[in-house]
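For reference, the structure is listed below as structure tokens.
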Amino acid sequence: MTDVDIKIENIVASASIGKDIELSEVKEALPDVTFNREQFPGLVFKLKDPKTAALIFSSGKLVCTGAKSIDDSKLAIKKTVDLMRTVDTDIPEEFEIKIQNIVASANLESTLNLEAVALELEDTEYEPEQFPGLVYRLSDPKVVLLLFGSGKVVCTGAKTKSDAKLGVERAYDRLSELDLI
């Protein structure tokens, strides 16, 4: 398989604005925010566009989840920080945004005998009583694939879309080599 279609399901990105913030003040600047210190140490801010959730901590760290593209992930963090700046003008204009995890899905267009795959393929875990998928860990790119009997694949741990795609393609090629697909 030279080319596989992958669909990004979720991107987790993080940022640090480099200074502590007062969550109770920031809460006032954000619409649609949840804050209950006893349940969770940060603010949960839901954006409608792009549809994401941002976790904001008093340390000045943010985690954004739910984006379907890297650009949307970065945009969501920038929009959140811009709103935070309305109550704290000392928040720096420049800060680093890091992609922590990309979750993508694909379809190998072929059913898999997961028991045979578990026996033949290296670096796998398969315990069908606990989870219906087979866990396949790749070292290059460093991703984890969940393979299902239907041929569906979930890739997690990628830092770029191309790593997610490469991981799925390498798995397909390896399964082909072993006559498992």
Every residue from region 1-52 that is within 21 Å of S105 (Cα to Cα) and at pLDDT 90 or above: D5, I6, K7, I8, E9, N10, I11, V12, A13, P50, K51, T52
Elements of type strands (runs of 3 or more DSSP E) in region 38-144, at least 1 residues being more than 19 Å from the chain's Cα centre (by Cα): 43-47, 134-139
Some residue of region 171-181 being in a helix (DSSP H, G or I), aromatic (F, W, Y), within 21 Å of K7 (Cβ to Cβ) and out of contact with any strand residue (DSSP E or B) (no Cβ under 6 Å at 6 or more places or on another chain): yes
The listed residue being at pLDDT 95 or above and surrounded by 13 or more Cβ atoms within 10 Å (Cβ to Cβ), out of L180, L166, L119: L166
Region 15-43: number of residues that are in contact with a Pro (Cβ under 8 Å, 6 or more places away or on another chain) and among the aliphatic types (A, V, I, L, M): 1
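The values are calculated or read from the model by the stated rules, or taken from the named source; none is laboratory data. The model shown is predicted, which means the values in this text are computed figures rather than measured ones. Neighbour counts are summed over all protein chains in view; Cβ atoms, including those assigned to glycine, are modelled from backbone coordinates with ideal geometry.
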